[in-house]
Each structure stands twice: as structure tokens, then as C-alpha cells.
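Have a look at the structure below, then the notes.
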Amino acid sequence: MISVDGLTVEFGGTTLFKDISFVINEKDRIALMGKNGAGKSTLLKIIAGVRTASNGRVSAPKDAVIAYLPQHLMTENNRTVFEEASQAFASIFEMEREIEALNQEMSSRTDYESESYYELIEKVSTLSEKFYSIEEINYDGEVEKILLGLGFTRDDFNRQTSEFSGGWRMRIELAKILLQKPDLILLDEPTNHLDIESIQWLEEFLMTSAKAVMVISHDRAFVDNITNRTVELSMGRIYDYKVNYSTYLQLRKERREQQQKAYEDQQKMIADNRQFIERFKGTYSKTTQVQSRVRMLEKLDLVEVDEEDTSALRLKFPPSPRSGNYPVIAEDVTKKYDDHIVFANASFTLARGERVAFVGKNGEGKSTLVKCIMKEIEHEGKLSVGHNTMIGYFAQNQASLLDEELTVFQTIDEVAVGDIRTKIKDILGAFMFGGDNSDKKVKVLSGGERTRLAMIKLLLEPVNLLILDEPTNHLDLKTKDVLKSALQDFDGTMILVSHDRDFLDGLVDKVYEFGNKQVKEHLGDVRSFLQKKKMENLRELEKSAR
């Protein structure tokens with residue numbers, strides 16, 4: 001049991017949260033929720049022990065292991081993937097080496113009656129007892145199992161970590177955490193760099209093998225699947241619900257309605273009393289009553305209503321100019337780098353108005369094919385974009401193309417036309433650029449903020465083919481709902497590259513699966529695709545068992 005007692009965090013004259021307390025028990029699977037800036041990552045860091053609170057403390061049993069996966073990290077560059085993952089057992093290997101060194105020292109000494117020799121025996125005995133009490137583990141087997149589950153191949157095991165992208169390094173760090181079998185796993189946006197199959201593997205692991213988990217994630221399906229408790233940070237307080245995320249949303253809505261009613265009742269009471277005070281403040285016979293009501297209003301605890309949920313904002317694309325019947329036609333498209341084939345002979349036709357998802361493991365060519373469509377890279381085979389096709393393209397590098405000297409508001413004001421101009425502030429607020437943030441210059445924005453701004457800009461431009469490559473990585477759940485709602489109303493053709501099942505659900509009616517150097521077409525939505533894949537995997541297991 002890990003106890004959070006009276007935590008308060010203050011910086012820059014503002015209080016992030018005040019006097020919050022709760023307990024994390026074994027088998028708790030907690031979703032930590034709240035709007036961006038509420039202090040979720042800060043709270044996780046304090047529980048992990050990498051940051052200190054202004055007040056309060058976190059208590060845990062002496063031998064408790066708390067493992068923390070931050071959003072951004074770097075692994076060592078001078079180890080292989082297997083060696084780096086094996087660092088999870090570094091303390092055990094060090095203990096084994098120490099016992100061996102002490103045993104060698106004992107065998108070489110002859111001062112059997114000396115006090116230092118008895119101390120040596122005591123030390124060896126204590127360490128050995130601790131070492132042999134550790135459950136016997138096939139360390140290499142455990143490392144292999146976890147790395148394969150997270151999407152690495154056996155060929156990757158002996159490659160240097162320096163050869164891998166940030167997303168794959170994140171997986172190595174996640175492997176180290178899972179191998180430690182900690183009492184509490186703290187995860188900050190763990191699915192950002194995982195493909196659908198790896199996310200499903202991680203879900204299964206956390207549900208069946210983890211002791212306690214606390215996670216911040218914008219992936220609703222992931223959160224719903226693994227959690228049984230939701231802790232919300234709002235306006236410096238916490239609300240603790242013993243339910244998963246979807247049920248919490250309903251309870252939160254009911255809580256806000258109750259708060260709103262209590263607020264309105266209190267405001268009416270205040271108005272009535274102020275009217276009484278104003279009316280009778282000069283009347284001698286009412287002096288006592290007037291003073292009593294003044295004191296009562298001074299001591300009154302005002303009812304606060306939680307921040308409004310901005311996901312109700314409807315963001316509509318401008319009407320799409322009509323494209324030709326087939327915005328994209330691919331015939332035997334192949335992409336290779338020297339001898340390495342990414343995919344071969346990909347053929348498909350996108351009809352006007354179709355909505356498709358590109359899914360598959362990382363590195364199988366989803367973004368590469370998008371770049372081929374955008375004519376950013378060369379390829380073999382024929383790939384044509386149809387008549388009057390106007391493409392709106394979102395990729396992570398779109399953020400780097402923004403004008404750094406403009407403010408957030410000016411960036412959007414440049415592309416907004418018609419009625420939407422009156423809603424720019426609301427739209428910016430929905431994408432977490434509320435208040436003074438709209439006056440910030442682009443050059444001072446973080447990478448995530450630039451990505452969100454590039455997304456808003458794209459939403460306001462008149463296009464008829466939308467290509468979105470991992471559009472949700474820097475969006476919280478509410479903002480993602482705003483985007484999804486806008487995409488549902490979009491009347492053009494759409495290609496979505498995403499690992500976010502909940503986001504894709506209801507947005508696409510066809511799935512293209514990338515894997516084994518092929519691009520396979522699956523008719524139906526993402527749910528039917530995943531159900532079919534699980535059946536295929538079971539059949540593959542049966543085949544391999546024969």
C-alpha cells in the first residue's frame with residue numbers, strides 16, 4: 001500500500017494542487033485524469049520520487065519498488081537492446097558478484113578467530129539469504145519475452161540502442177520497467193510510441209501481471225481496458241472514483257450538474273440576502289438582522305463548479321470542393337532503400353468520400369506510403385492523385401513549417417474565413433490555447449503545442465482529401481473528441497494513420513494493414529479488423545502447435 005498524504009505543489013506564486021490525499025492499493029489500476037496543466041505529470045513524478053512537493057509526503061513500504069516511465073527519456077548508447085533491457089536486473093547481478101567476491105576473500109583468509117572475519121561471515125550470510133530469497137528467474141528468457149511482446153525482433157536484440165528512434169528507445173525503457181515486476185508502475189502517455197499490436201500486448205500484461213498501475217493516457221480504449229479506478233485532478237483538488245474511465249465520465253457529468261445546481265441556488269440566496277441588506281441597512285429595527293446576514297455572507301464558502309468540458313464545441317470543416325471520382329489510385333507501388341524492401345506491389349483505389357485507416361507495426365511503411373502519395377519521396381510503380389484533389393496533410397513535421405514570428409491567434413486568423421472567425425477563441429480554447437496562450441508567439445511554443453496549432457490550421461483550410469499521420473499524439477481526451485467530431489462531419493476523402501483504436505472507431509470504413517512487406521485491404525471498420533486479427537492469430541497459434 002502506497003499512501004499520498006496532504007500533497008501541495010506551489011510554484012511561481014500559483015498553487016497547482018493543495019492538500020490532496022489518497023491511497024494506492026495492490027491490484028489498483030488507476031487512470032489519472034484532468035485537463036492539460038492540472039498537474040498530472042507533476043503528481044506522477046512526486047509519487048515516483050523524482051520531484052518533491054511543496055508540502056506533504058508519499059509513504060511506501062521499505063522494500064516497495066516504484067517504477068516510472070516518463071513521456072521523454074533517453075537510454076544509454078553504448079549497449080545493445082538486450083543488454084540495456086537486462087539492466088532491470090542490474091542490482092541482482094551486482095549482488096551475485098559481491099557474494100562471489102566475499103566468498104573468494106573468505107577462502108583466502110586464515111584469521112578465522114578475528115572479529116573482522118566474523119563480520120565477513122555475517123555479511124556473506126545476510127547477502128546470500130537475500131539473494132536466494134529472490135524468486136528463481138530465467139533472466140534471458142524474461143528479457144526475450146518482454147522485448148518480443150513490445151515489438152522487437154530477435155535480430156534487434158544485438159543492435160545498439162543508438163540505432164533506434166526515440167519511440168523504440170521508449171519501448172526499451174518500458175521493457176526495463178516491466179522486467180522489474182514493481183509494486184507500482186507509473187506510466188505517462190505509454191501508448192504514444194506503440195503500434196496497435198504492442199498496445200494490446202501491454203494491456204494484457206498490465207491486467208494479468210502487474211501489481212498496481214497508475215497511468216496518464218489520451219488513449220481511451222487503452223484506459224478503459226486496463227483501469228478499475230479513476231482519479232481526477234481538477235482545480236487543485238482530486239476526485240476519486242472506483243470505476244473505469246467511461247463510467248467516470250458519466251458520474252463526472254452528474255457531479256457537475258449537482259455543482260451547477262448548488263451554485264445557482266447559492267447565487268440566488270446571496271442575491272436575496274444582498275437585496276435585504278441593501279433595502280434595510282438604514283432601518284433601526286432591522287439592524288441586528290442586517291448585521292447577521294452581512295456576517296453570514298462574509299463567512300460563506302462559495303460553491304465552485306468544475307471547469308467546463310470543451311468537448312461539446314462543434315468544429316466544422318469548410319465545405320469540401322468536389323474532387324474526381326478517385327482521389328488516389330495506386331498500382332504495384334513498391335518502396336525500397338537499397339536492398340531493404342519496405343513494401344512491395346501495393347495496389348488500391350480510394351473512391352471519393354471513402355475513409356480508410358493505415359495500420360500495422362511501426363516501421364512497416366504506413367508513413368512511407370503517405371509520403372509517396374504526397375510526392376515527397378520516389379517509388380516504383382504507378383501512384384496517381386485524381387482530378388481536382390486538394391490535399392490537407394498533417395504529419396509531425398507540419399509543426400516546423402509554421403511562421404515562428406506570428407502569434408497563435410494570428411496563425412489561425414490568417415486561414416479562418418466566414419462565420420468561423422467569430423469562434424477562433426473558442427477553437428483555440430478547445431485545443432488548449434485558452435486565455436493569454438493565444439498571444440504567445442509560435443517560436444516559444446513546445447513541440448506538442450506547435451503540433452496542435454498545425455492541426456487547427458489544417459482543420460480550417462478547404463480540402464477534399466485529408467491525410468492525417470498520427471494526429472492524436474499530443475491531444476488530451478477532450479481535444480481528441482473535438483477533432484473526432486469534426487472529422488465525422490468532414491464530407492471529403494480521408495486517410496488516417498493511427499494506433500489509437502478508440503479514435504479510429506466510427507471514423508473509417510476500411511482498413512489497410514501494413515506488414516510482411518505487403519499492404520492488405522480489410523473491408524469493415526477497425527473493430528471488425530481487430531476481431532478478425534485475433535482470430536487469425538489464434539489460427540496461427542494452432543498451426544504452430546501442430
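The values are calculated or read from the model by the stated rules, or taken from the named source; none is laboratory data. Just so we're clear, the structure is a prediction, and the values are computed from it rather than from any experiment. For neighbour counting, all protein chains shown are included, and Cβ atoms are generated from backbone atoms with ideal geometry for every residue, glycine included. Protein only, heavy atoms only, side chains kept; ligands, DNA and RNA dropped before computing areas. Shrake-Rupley method; radii C 1.70, N 1.55, O 1.52, S 1.80 Å.
Taking the range 343-373 and a reference point 7 angstrom along Cα→Cβ of Asp332, the backbone N atoms nearer than 15 Å belong to 344-348. What aspartates and glutamates could a cross-link reach from Lys211, if we take a straight Cα to Cα line under 15 Å and drop same-chain neighbours fewer than 8 places away? Cross-link targets: Glu26, Asp28, Asp63, Asp183, Glu203. Here the 3J(HN,Hα) profile of the range 55-60, calculated from phi with Karplus coefficients 6.51, -1.76 and 1.60 at θ = phi - 60°, is 8, x, 8, 10, 10, 9 Hz, Gly and Pro shown as x.
Between Thr247 and Lys440, full extension at 0.36 nm per residue minus the direct alpha carbon distance yields a gain of 65.8 nm. Its residue count N fixes a reference of 2.2 N^0.38 Å for the range 28-68, and the Cα radius of gyration divided by that reference is 1.26.
Extents of the range 442-543, largest first, come to 55, 30, 27 Å (Cα atoms, principal axes, whole angstrom). Count Lys and Arg as plus one, Asp and Glu as minus one, and take only other residues whose Cβ is under 13 Å from that of Glu364; the net charge is then +2. Convex hull of alpha carbon positions in the range 358-468: directionally averaged projected area 8.7 nm².
Rounded, prolate or oblate: which fits the range 377-432 when a ≥ b ≥ c are the square roots of the eigenvalues of the alpha-carbon gyration tensor, with rounded for a/c under 1.5 and prolate only if a/b beats b/c? Verdict is prolate for the range 377-432. Pairs from the table (Lys35/Lys510; Lys18/Lys480; Lys253/Lys299; Lys62/Lys145; Lys145/Lys520; Lys18/Lys423) lying more than 31 angstrom apart at Cα are Lys35/Lys510; Lys18/Lys423. Pairs of Cα atoms nearer than 8 Å and 6+ residues apart set the relative contact order; for the chain it is 15 percent. Using the 1.4 Å probe convention, the accessible area of the range 368-444 works out to 55 Å² per residue with neighbouring protein chains retained. Peptides 325-332, 22-29, 226-233 ordered by packing proxy, namely the average of other Cβ atoms within 10 Å per residue, highest first: 226-233, 325-332, 22-29. The computed P(r) over Cα pairs in 10 Å bins from 0, in percent for the structure shown corresponds, within (i) 3, 14, 21, 20, 15, 10, 7, 6, 3, 1, 0; (ii) 3, 14, 22, 23, 17, 10, 6, 4, 2, 0, 0; (iii) 3, 13, 17, 18, 14, 11, 9, 7, 5, 2, 0, 0, to (ii).
The DSSP beta bridges internal to the chain are antiparallel in roughly 50% of cases. In the chain, the portion of solvent-accessible area held by carbon and sulfur atoms comes to 48 percent [1.4 Å probe, whole percent, DNA, RNA and ligands not counted].
Rg/Rh for the range 384-527 stands at 0.98; both radii use Cα atoms, and Rh follows the Kirkwood definition.
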